[in-house]
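First comes the structure, then the notes that go with it.
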Amino acid sequence: MDILGLPHAIMITTADVTDRNGAIDMVDYYCDITDNLSLIKKVLVDGGYTGQNFADEIKRISKAEVEVVKRNELHTFSVIPKRWIVERSFGWIDKCRRLWKNCERLLHNSFQMFSLAFIRIILKRY
């Protein structure tokens, strides 16, 4: 996602694919078919993507640096820089009735629902 909260790439996977492997597959797929991800300098990820192997693989595929944005370990509310962008986008998606829970049987149906949700967000914004 960019700083506006809009996605540059979307990939839906089955539940048996880990988030790290799915992210690597997504970056690899989109770098092969388009040059849209070639301009990205830094990839912001949450704490679930920590690890040098993940960062090295993303660097090898897309030449982008991986920055881990961790949650605050204290049990108090505070706005964490850059993390609110992703959380805001998830909040927008949760307003779409069909996406609050994945009820689709086919992966391409889920992909289309996510695409339509972000198209709706862009149309309402502009």
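The values are calculated or read from the model by the stated rules, or taken from the named source; none is laboratory data. Predicted model, so just to flag it, every value in this text is computed and none were measured. Ideal geometry is used to build each Cβ from the backbone, glycine not excepted, and the neighbour counts take in all protein chains shown. Areas reflect the complete protein model, heavy atoms only, side chains present, ligands, DNA and RNA absent. Shrake-Rupley method; radii C 1.70, N 1.55, O 1.52, S 1.80 Å.
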Out of the stretch 16-32, which residues are modelled with pLDDT of 85 or more and either more than 16 Å from the chain's Cα centre (by Cα) or open to solvent by less than 50 Å² (accessible area, probe 1.4 Å) (or both)?
ASP16, VAL17, GLY22, ALA23, ILE24, MET26, VAL27, TYR30, CYS31
Evaluate the stretch 78-95: report whether one residue or more is modelled with pLDDT under 85, under 16 Å from the mean Cα position of the chain (by Cα) and farther than 17 Å from ASP2 by Cβ.
yes
Is there any pair linking a residue in the stretch 70-99 that is within 22 Å of VAL45 (Cβ to Cβ) and open to solvent by 50 Å² or more (accessible area, probe 1.4 Å) to one that is outside any helix (DSSP H, G or I) and modelled with pLDDT of 75 or more, with Cβ under 6 Å and at least six apart or on different chains, and which?
LYS82/LEU44; LYS82/VAL69
Yes/no for SER62 being within 23 Å of LEU4 (Cβ to Cβ), among the small types (Gly, Ala, Ser) and modelled with pLDDT of 85 or more
yes
Is there any pair with a first residue in the stretch 113-126 that is within 14 Å of MET11 (Cα to Cα) and a second that is at pLDDT below 85 and of a type in the set (D, E, K, R) whose Cβ atoms are under 6 Å apart and which are 6 or more apart or on different chains, and what are they?
MET113/ARG98
Being open to solvent by less than 100 Å² (accessible area, probe 1.4 Å) and in a helix (DSSP H, G or I) is the filter here; which residues of the stretch 105-115 pass it?
LEU107, ASN109, SER110, PHE111, GLN112, MET113, PHE114, SER115
